[in-house]
Structures are given as C-alpha cells and as structure tokens.
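Asks: Please see the structure below; I have some questions.
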Amino acid sequence: MSTPSLLILAGDGIGPEVMAEVRKVIDWFGANRGMAFDVSEDLVGGSAYDKHGTPLTDETMAKAQAVDAVLLGAVGGPKYDKLDFSVKPERGLLRLRKEMDLFANLRPAQCFDALADFSSLKKDVVAGLDIMIIRELTSGVYFGEPRGIFKEGNERVGINTQRYTESEIARVARAAFELARKRDNKVCSMEKANVMESGILWRDVVQEVHDAEYPDVELSHMYADAGAMQLTRWPKQFDVIVTDNLFGDLLSDLAAMLTGSLGMLPSASLGAPMANGRPKALYEPVHGSAPDITGQGKANPCACILSFAMALRYSFDQGDEATRLEKAVEKVLADGIRTADLMQSGEGEPATTTEMGDAVIAALDASL
Ligand code: IPM
Ligand code: MG
C-alpha cells in the first residue's frame, strides 16, 4: 500500500495548539515505528471563514474525501457568533460529516485511574469505567427537512425534522454490534419510542438487525431520558450505547463528564469502506475550541493525541501501536504530569500544552 495520507484541519481556538502536539506524535511514529504518513494541512471553521468567507472550501472538502483520514482540532469561537447560520464555523464540520457520510461516531468514555478523583461522581461509580457511545452522525434532526424559521400568521415558527430511514438505522446498529463483539458484547440502544415515531422505527430496526445478524450480542433498549439517568446512577452497567444524532450529542457530553476530564476524550467518525478497504474517517477530540484559554499554553493535548490513537486503530489497523500511544498517555498521567484542567487548585504548577506533548513523546521513547 502507498504511504497513508492524513489531512490535518486544526481549526479554531485551541485546535492549532493541541494539533501541534499531535504532529510531534505523528512524526515520532514515522521516525521510530517505520510508519510514515503523508501529512497535509488546511483550514476549517472560523479560520477558513476569515480567509475564504466560508467555513469549508470545496477544495478542502475534496482533499478530505481523497485522504485516508482527517484529523480535526476544533471549530468555533465568540468572534463568529454573529455570523449568518450558513457560514458559521460549525457548518464546516457538519459538511465534512455529511459529505463524507461518516455515519458512525465513536465516543469512548473511559475513566483513567489517575483521574478518577476528577469526576463529580463518587470514585467507585466511575473508576475503571469504559463505555463506548456510538452516535448516528449524518441524519436525524441535524439534517432533516423541512427545516427553517417560517412565518405563520403573525408569528414566526422554527422547524426541524427528525427523520430516519431503516437503512440509516441498520448501518449504525451494525457498527455498534460489530464493536460490541470486540468488547463486552453488550449493546444498549436509546431513543424515545414512547413519544416519537422515529424512535419506534429505531427500536424495531435495531432489534431486527440484532435478531437476524447478531443474536450472540446482548441487546437492551432504553428511553434516552432514562438512559441519561442510568448513566449518572451506575454507568458501568453499559458497554456499547447506540443512539441517534441529537440524543448522542447530549448523552456523549454527559458520559464525557462522568470521566471528569473532557480534555482526555477522543472520537472517531467512520463511514463506509473506501476502495483501499479503509473506512472514510475523521478523528477529533470531544472538547471544543475553548476560546477562554486559547493561546495561553493551557490546553490539554491528550484528547487530540488519543484521537490519533483511534486513527491508528480504526484507519490503519495498528491496534498495537494505538495501545502503545494510549499507554504512553496513561503513564504521563500516572507520573503526575497534568495540564491545568486535570489539577485541583493549589496543586502546584500545571504542565503547559507543549510540556504535556513532550511528556507523551518521552513516554513513547520509554516504550521502545
Ligand atoms: C459535537 C458538537 C457539534 C455537534 C457542534 C460543534 C456542531 O457539539 O461534535 O458534539 O453538535 O455535533
Ligand atoms: Mg456535542
């Protein structure tokens, strides 16, 4: 196979800062593990808008379609709050997801032992937590038509449409069952079948796919509100959770915070296999652009670094190297090296973004 290609879209806010640390990690794997990548960079979000008047140009979109994997930092910031909806930074990200057809968004919520004290929940509720939320990412209320703000009589009405086809549900359900087989073999599907027809269909189709293709996997169904409650009550009951785009947005933020450290959580958005067998893929940290700490060296690069670990695993079939990188991050935490988000006040000097990246590289060196 030819040299694998990566497109880096660092984006806005802390995106470029954390991505600079990922660059070091990519180079480390090239120099020490014989894994060279063909890396290119481009703009997305507000930075693309500033230069081109659009949060994602057609050229960048075409590049994203052509590479083996896209690594994204973060988009958005207060500077862009007043922009027209159609050119807001987020539209760039949503266009990438939609046009690359990245229907399966994998959001692990893992509690690192060294960080269990950071959760707002009791330590024994979260210690050792390892769940995977699979969020449908290309349909539902994020994209359904009709949508818009319309005039009805003498007032305005805002409309969005929750819409799911059977095939959209079936393909994300398959992704969840496949993943569960490699983990604890349990899937919980969440919707609101008690109030939404799209939820009734969701539940039916997930069950059908299960019965026909994955009877060996343990399947349960939960209303999404009860799911949110169970996630905070006893999250370790879950292994894989599969849910729609909007519920997935909410539940994955909730699950992320269980671990106490948004700055640690990566994500992968995967689509159908390309001609070379690799899935269409975009990797990004769960956290946002954090304008409040931008440019201060405070950002935690770990979520973005761990997103690259997911790329090694899911795009490049390098599970062992992904584990090496994850273990390196764990070692850094265990050694007590922390960015400000991972410290309680009065705990001493936090590591800067760069120092954290360097510590990960040192831990990688030590792994050889
Ligand atoms: C996420 C974000 C995005 C979403 C925003 C930035 C459009 O919250 O990836 O979860 O709502 O999907
Ligand atoms: Mg979100």
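Asks: For a quick check of understanding: with a 1.4 angstrom probe and all protein chains in place, what accessible area in square angstrom does E41 have, to the nearest ten?
Replies: For E41, solvent-accessible area is about 110 Å².
Asks: Right, something else. Running a GNM on the chain with Cα contacts under 10 Å, which residue among P215, P235, P350 ends up with the highest mean-square fluctuation?
Replies: Of P215, P235, P350, the Gaussian network model singles out P215 as fluctuating most.
Asks: Separate question: Provide S120, S47, S252 ordered by accessible surface of protein heavy atoms (probe 1.4 Å), highest first.
Replies: S120, S47, S252
Asks: What distance in nm lies between label points placed 7 Å from Cα along the C-beta direction at S2 and N154?
Replies: Those two pseudo-labels are separated by 6.5 nm.
Asks: FRET efficiency for L246 and Q296, Cβ-Cβ distance as r, R0 = 45 Å, nearest 0.05?
Replies: It comes to 0.85.
Asks: Let me ask another. For the chain, what does the helix formula give at 222 nm: sum of -39500 (n - 2.57) over DSSP H segments with n ≥ 4, over the residue count, nearest 500 deg cm²/dmol?
Replies: It comes out at -12500 deg cm²/dmol, rounded to the nearest 500.
Asks: Next question. In the Gaussian network model of the chain, springs joining C-alpha atoms below 10 Å, which of S198, S86, S119 carries the largest mean-square fluctuation?
Replies: Maximum among the listed residues: S86.
Asks: Still on this structure: Using a Gaussian network model of the chain whose springs link C-alpha atoms within less than 10 Å, name the residue from V22, V75, V87 with the highest mean-square fluctuation.
Replies: Evaluated over the chain, the most mobile residue of the options is V87.
Asks: I'd like the accessible area for R91: 1.4 Å probe, protein heavy atoms, all chains in place, Å² to the nearest 10.
Replies: Counting only protein heavy atoms, R91 exposes about 60 Å² to solvent.
Asks: Tell me which lysines have Cα within less than 28 Å of K192's Cα, excluding those fewer than 8 residues away on the same chain?
Replies: Excluding near neighbours in sequence, the set is K98, K182, K236.
Asks: To the nearest 0.05, what FRET efficiency results for A226 and L368 with a Förster distance of 45 Å applied to their C-beta separation?
Replies: 0.40
Asks: Give the aspartates and glutamates whose C-alpha is closer than 20 Å to that of K82, dropping any in the same chain fewer than 8 places away, or say none.
Replies: Counting by Cα, and skipping residues close in sequence, K82 has these aspartates and glutamates nearby: D12, D50, E90, D292.
Asks: Cα atoms only, the stretch 130-258: Rg and Dmax in Å?
Replies: In Å, with Rg to one decimal and Dmax whole: 15.7, 56.
Asks: Further question: For K24, list the lysines whose Cα falls under 27 Å from its own Cα; do not include residues on the same chain fewer than 8 positions away.
Replies: Hits, sequence-local ones excluded: K51, K63, K280, K298, K327, K331.
Asks: Show me the three semi-axes of the equivalent ellipsoid for the chain, from the C-alpha gyration tensor (sqrt of 5 times each eigenvalue), largest first, rounded to whole Å.
Replies: 30, 25, 22
Asks: A follow-up question, please. Under the rule a/c < 1.5 gives rounded, and otherwise a/b versus b/c splits prolate from oblate, where does the stretch 1-144 land using the Cα gyration tensor?
Replies: The shape class here is oblate.
Asks: Sticking with this one: Give me the 1.4 Å probe accessible area per residue for the stretch 189-260, excluding ligands and nucleic acids, in Å².
Replies: 42 Å²
Asks: Return the whole-Å distance between the Cα centroid of the stretch 200-223 and the Cα centroid of the stretch 174-188.
Replies: 11 Å
Asks: I'd like the FRET efficiency for D113 and M35, computed as 1/(1 + (r/R0)^6) with the beta carbon distance as r and R0 of 25 Å, rounded to 0.05.
Replies: For R0 = 25 Å, the calculated efficiency reads 0.30.
Asks: Report the relative contact order of the chain, percent, no decimals, based on alpha-carbon pairs under 8 angstrom and at least 6 residues apart.
Replies: 21 percent
The values are calculated or read from the model by the stated rules, or taken from the named source; none is laboratory data. Since we're looking at a predicted model, the values are computed, not measured. No Cβ is skipped: glycine too gets one built from the backbone with ideal geometry, and neighbour counts run over all protein chains shown. SASA here: full protein model, heavy atoms, side chains in, ligands and nucleic acids out. Shrake-Rupley method; radii C 1.70, N 1.55, O 1.52, S 1.80 Å.
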